[in-house]
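The values are calculated or read from the model by the stated rules, or taken from the named source; none is laboratory data. These numbers come from a predicted model, not from an experiment. Ideal geometry is used to build each Cβ from the backbone, glycine not excepted, and the neighbour counts take in all protein chains shown. Ligands, DNA and RNA are excluded from the accessible area calculation, which covers all protein heavy atoms including side chains. Shrake-Rupley method; radii C 1.70, N 1.55, O 1.52, S 1.80 Å.
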Amino acid sequence: MNIPSKYEPLKTEDKWYKFWMDNGFFRSVPDDRDPYCIVIPPPNVTGVLHMGHMLNNTLQDVLVRRARMLGKNALWLPGTDHASIATEAKVVGKLKEMGIEKSSISREEFLKHAWDWKEKHGGIILEQLKKLGASCDWERTRFTMDESLYQSVIDVFIDLYNKGLIYRGIRMVNWDPKALTALSDEEVIYKEVHSKLYYIRYRVTDEEDWITIATTRPETILGDTAVCVNPNDTRFKKFLGKKVLVPLIDRVIPVIEDEYVDMEFGTGCLKITPAHDINDYEIGIRHKLPTIDIFEDNGTLSQKAQIFVGEDRFEARKKIIIELEKENNLVKIEDYVNKIGFSERTDEAIEPKLSLQWFLKMDRLAKPALDVVLNGTIKFHPAKFINTYRHWMENVRDWCISRQLWWGQRIPAYYTPDNEVIVARSKEQAFEIAKNDLNLKNLKIDDLRQDEDVLDTWFSSWLWPISVFDGIRNPSNQEITYYYPTNDLVTAPEILFFWVARMIMAGLEYQKKIPFKNVYLTGIVRDKLGRKMSKSLGNSPDPIELINKYGADGVRMGMLLTSPAGNDLPFDEVLCEQGRNFSNKIWNAMRLVKGWEINQTLDQPEYAATSVQWFESKLNFTIATLNDQFSKYRISDALMTVYKLIWDDFCSWYLEMIKPGYQLPIDEVTYKKTISLFEGLMKLLHPFMPFITEEIWHHLGERGENESIMVAGINVQSSSDFRILQKFELESEVIMAIRNLRKEKNIPHKEFIDLFIKKNNKQVPDHTFDSVIAKLCKISNILYVDAKVPDAASFVVKSTEFYVPVSGLIDHDKEIIKLENELEYTKGFLKSVIKKLENERFVSTAPSSVIQKEINKKKDAENKIKVIEEQLLLLKR
């Protein structure tokens with residue numbers, strides 16, 4: 001094959017992705033192999049690829065590709081989420097552009113527009129994932145509104161309703177005035193806001209006395225139905241049993257007492273608005289207070305407010321302050337910092353609102369889902385998130401599952417004219433139940449009215465690992481039996497409760513099994529300043545532009561280099577550049593090797609045989625390290641391990657060690673071994689950088705028409721010669737020291753030198769790497785001696801002395817300064833090692849192998865100090 005001088009990622013990536021797709025390498029169907037399965041966290045159908053997706057999906061692809069190479073039947077199942085709120089907002093916006101209001105068309109017409117929008121825009125993010133190299137089984141792509149998944153959601157609702165776990169009732173909910181729907185507690189993001197605290201006085205009826213309250217929401221006084229004080233607060237005893245007038249509208253309300261009131265907040269006196277605050281609502285229930293809802297669904301004031309009707313709530317706040325001041329009811333205003341809830345989807349300030357909604361009881365579902373995490377059946381990586389999970393699960397509230405939208409799974413509840421509720425799969429089934437079970441013989445089918453609301457998007461995605469295999473409707477089918485439970489889930493900590501916890505609940509409820517064995521929780525992608533990447537800040541690069549600039553492999557590597565599980569990723573485009581540079585490094589290494597001429601008559605030189613033996617051991621040792629890192633989900637560490645093995649050990653050391661002289665051939669044994677080792681490296685790197693590894697693997701040897709590195713298999717069980725690895729650590733120091741010495745003494749590299757070696761402490765000479773040292777350092781003779789060598793430059797490695805005769809080039813004063821500096825450094829190093837070994841905590845907790853390493857360091861340093869001191873004595877004579 002003709003090898004281009006430069007690696008061109010864009011051409012390569014398109015070519016190999018098509019090759020993988022054409023050959024069905026991503027396809028998985030049940031067979032006799034062990035399955036490995038990941039279901040993708042379905043991105044919103046409205047979404048386009050952002051940096052968080054890049055990180056999450058790169059991690060998933062690494063795990064899937066590695067499992068595939070380990071011989072498992074690997075399935076990465078893709079799909080998208082219908083995203084009720086976000087999609088409906090997009091469709092409403094599109095209709096407005098067409099001059100159509102949602103309220104002016106039927107539900108059926110709206111849904112037709114929604115499906116049209118989905119078909120046009122819904123596949124964008126999945127196509128973008130292909131550019132990243134995602135090895136999903138695209139033939140299995142699922143959508144949460146697909147017929148089978150839709151019906152699964154309906155079946156689960158009916159089942160939970162029949163079990164008494166789903167109920168309908170009026171409760172205080174989080175209302176999004178922009179999306180016009182209720183939200184669950186988990187869909188509310190609390191932000192610290194600079195607000196104002198308004199002190200407002202209420203006149204006591206029939207008296208010239210006043211009681212003052214403090215509030216951040218003066219507009220809600222129009223819904224007040226009481227003023228409340230703490231029964232232990234003696235300041236307000238005179239007001240108990242009296243009534244006061246609500247400012248501006250003169251509604252008469254009682255002064256009550258309740259221990260909920262914080263005596264230290266504001267004046268110690270609280271206005272009670274049961275319709276617009278959850279705590280006020282609970283006080284209202286205890287004291288049987290009336291509830292006055294002064295807001296319309298869109299956040300404007302209703303007729304019940306009496307004044308400022310139709311005004312937006314925040315505009316009304318400004319106007320009511322002016323009126324309160326005019327009427328002498330405003331005492332003062334203070335700056336105040338508080339936390340306000342905002343809609344996770346629309347970023348609108350949430351309005352607590354009493355609303356008739358559907359709820360799912362969570363207590364019974366939560367306990368077993370907590371147990372399987374606490375007992376380690378499901379493992380979190382990192383484990384620090386277990387405590388966060390436990391806190392939420394032990395304080396779980398009933399889940400508000402209804403949404404006032406049209407896009408989504410419509411609640412399968414039907415109402416008779418007398419408001420009897422019938423939950424059924426269809427109107428026809430509900431009609432049969434009404435006639436037969438409720439004995440409504442005169443009822444006509446058209447008398448039944450289906451609930452207008454849809455289910456929370458999470459109520460479909462909590463079934464995702466089951467419903468994608470049709471495991472709700474057919475709980476024992478071949479696919480659910482084979483692929484479930486899945487192996488790994490890669491997701492973000494912020495949806496640990498939205499999604500992860502609920503999937504565990506659903507899995508235990510409907511399959512009696514956990515949905516996945518491991519949960520890998522990613523960090524947040526941040527910019528160099530530590531800010532979360534977002535469109536509003538303009539600090540989030542376009543992932544596709546990054547891929548076009550650095551190649552998918554470069555971007556994948558850039559994302560993974562600094563992304564340990566659970567920790568935030570401080571992203572810098574320089575990381576992608578580093579990934580691209582790594583690609584170029586490997587490419588040039590391949591061109592170097594493929595450019596060598598092979599001479600089949602040459603015997604393998606000793607230096608080459610030693611080098612091959614060392615690198616084979618290094619490769620096998622690294623494979624064991626990688627196995628350990630993958631088992632602990634230290635994916636970033638695993639990439640760095642492979643990176644160093646290729647860049648440092650293979651390119652910088654091994655290729656230099658075996659490289660033939662200028663315009664000279666290489667022996668066949670060494671060449672074949674080098675190609676084999678190069679192939680092994682590409683297999684280890686493939687899960688991280690799939691495109692360049694496929695390209696290079698095909699250049700390294702003859703391949704069949706349908707062969708691919710992604711199914712070539714990885715060798716994961718090999719033994720290492722630890723002795724040769726330890727010897728190389730010493731010899732690499734020697735080589736670098738000789739190179740430094742040449743530089744210091746201005747000895748040209750092409751000039752041959754002699755090397756004298758003096759072993760100390762009765763050590764026996766080891767000749768293993770002599771031939772390698774001789775080759776790399778241009779040494780004509782290596783001699784082992786018993787005495788120090790005069791007129792020679794020297795250095796010490798461990799306790800061994802090395803001498804290079806350089807007659808006439810020795811500056812004794814400089815040699816003394818150099819040795820004294822080295823002696824001072826080594827003594828400081830020894831002091832730090834002794835301090836560590838004298839630390840009782842370290843000695844009692846560190847593994848014995850780590851302690852032994854420190855003991856060896858101490859011994860080496862002591863021997864080195866002794867040798868340097870002897871050399872100084874000789875030089876100072």
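Observations on the model:
- Three-way shape label, the range 161-239, alpha-carbon gyration tensor, a/c 1.5: prolate
- Given charges at beta-carbon only (K, R positive; D, E negative), |dipole| of the range 290-413 in Debye: 700
- Within a straight-line Cα-Cα reach of under 19 Å, LYS745 can be paired with the following aspartates and glutamates, leaving aside sequence neighbours fewer than 8 residues apart in one chain: GLU733, ASP754, ASP791, GLU801, ASP811, ASP813, GLU815, GLU820, GLU822.
- Percent of beta bridges antiparallel (DSSP, the chain, rounded to nearest 5): 70
- Most to least packed among 682-693, 34-45 [average Cβ atoms within 10 Å]: 682-693, 34-45
- Here the simple spin-label model places points 7 Å from the Cα toward Cβ, and for LEU875 and GLU668 these points are separated by 5.2 nm.
- Solvent exposure of LEU529, expressed as accessible area, is near 140 Å², computed with a probe of 1.4 Å over the protein chains only.
- Each residue was assigned an accessible area with a 1.4 Å probe, and for VAL255 the value is about 10 Å².
- Pairs from the table (LYS673/LYS743; LYS361/LYS513; LYS163/LYS339) lying more than 26 angstrom apart at Cα are LYS673/LYS743; LYS163/LYS339.
- Farthest positive-ward along the range 676-766 dipole, Cα basis, beta-carbon charges - from ILE735, ASN706, PHE722: ILE735
- Of all accessible heavy-atom area on the chain, the percent that carbon and sulfur account for (1.4 Å): 49
- Label-to-label distance, nm, for residues given as ILE189 and ILE124 (7 Å Cα→Cβ offset): 1.9
- For ASP648 and GLN429, a Förster radius of 60 Å and the Cβ-Cβ distance give a FRET efficiency of 0.30, rounded to the nearest 0.05.
- Shape summary of the range 272-396, radius of gyration then Dmax from alpha carbon positions: 20.9, 65 Å.
- Stokes-Einstein D in µm²/s, Kirkwood radius over Cα pairs - the range 754-820 at 10 °C with 1.306 mPa s viscosity: 124
- By average C-beta atoms within 10 angstrom, highest first, the peptides 144-153, 740-749: 144-153, 740-749
- Here LYS11 is the anchor, and the aspartates and glutamates within straight C-alpha reach of less than 12 Å, apart from those fewer than 8 places off in the same chain, are GLU695.
- Listed residue pairs exceeding 18 Å between alpha carbons, taken from LYS759/LYS859; LYS750/LYS818; LYS618/LYS762; LYS594/LYS672; LYS775/LYS857: LYS750/LYS818; LYS618/LYS762; LYS775/LYS857
- Shape of the range 158-312, Cα gyration tensor, a/c cut at 1.5: prolate
- Centroid-to-centroid separation of the range 294-332 and the range 382-406 [C-alpha atoms, Å]: 35
- Estimated FRET transfer efficiency (SER5, GLU348; beta-carbon r; R0 60 Å; 0.05): 0.60
- For the pair THR481 and ASN760 in one chain, pulling the backbone fully straight at 0.36 nm per residue adds 93.8 nm over the alpha carbon distance.
- When the square roots of the Cα gyration tensor eigenvalues are ordered a ≥ b ≥ c, the ratio a/c for the range 761-877 is 1.5 or more and a/b does not exceed b/c, which makes its shape oblate.
- Whole-number percent relative contact order across the range 160-244, with pairs defined as alpha carbons under 8 Å at least 6 apart: 18
- Selection among PRO847, VAL244, ILE213 by position relative to the dipole of the chain gives PRO847 as farthest towards the positive end (Cβ unit charges, Cα centre).
- Pairs of Lys residues in the range 193-306, spaced 8 or more positions apart or belonging to different chains, with C-alpha separations under 18 angstrom: 9 in total.
- Relative to the compact-globule estimate of 2.2 N^0.38 Å, the Cα radius of gyration of the range 410-551 comes out at 1.57.
- For the range 650-731, pairs of C-alpha atoms spaced more than 14 angstrom apart make up 72 percent of the total.
- Among beta bridges identified by DSSP and lying wholly in the range 724-839, the antiparallel ones come to about 60 percent.
- Virtual paramagnetic centre 7 Å along Cα→Cβ of ASN338, amide N under 15 Å, in the range 277-315: 277-281, 314
- Relative protection proxy for 506-518, 219-231, 589-601, from highest mean packing down: 219-231, 506-518, 589-601 (other beta-carbon atoms within 10 angstrom).
- In plain terms, the bigger the Kirkwood radius, the slower the diffusion; for the chain, with that radius from Cα pairs, at 20 °C and 1.002 mPa s, Stokes-Einstein puts D at 65 µm²/s.
- Full-extension gain in nm, VAL372 to ASP542, via 0.36 nm per residue minus C-alpha separation: 57.3 nm
- Label separation (GLU820 vs ASN781): 3.5 nm, computed from points 7 Å beyond Cα along the C-beta direction.
- For the chain, size of Cβ-based charge dipole, Lys and Arg +1, Asp and Glu -1, in debye: 1700
- Estimated at 0.36 nm per residue, the fully extended path between SER534 and PHE722 surpasses their Cα-Cα distance by 62.8 nm.
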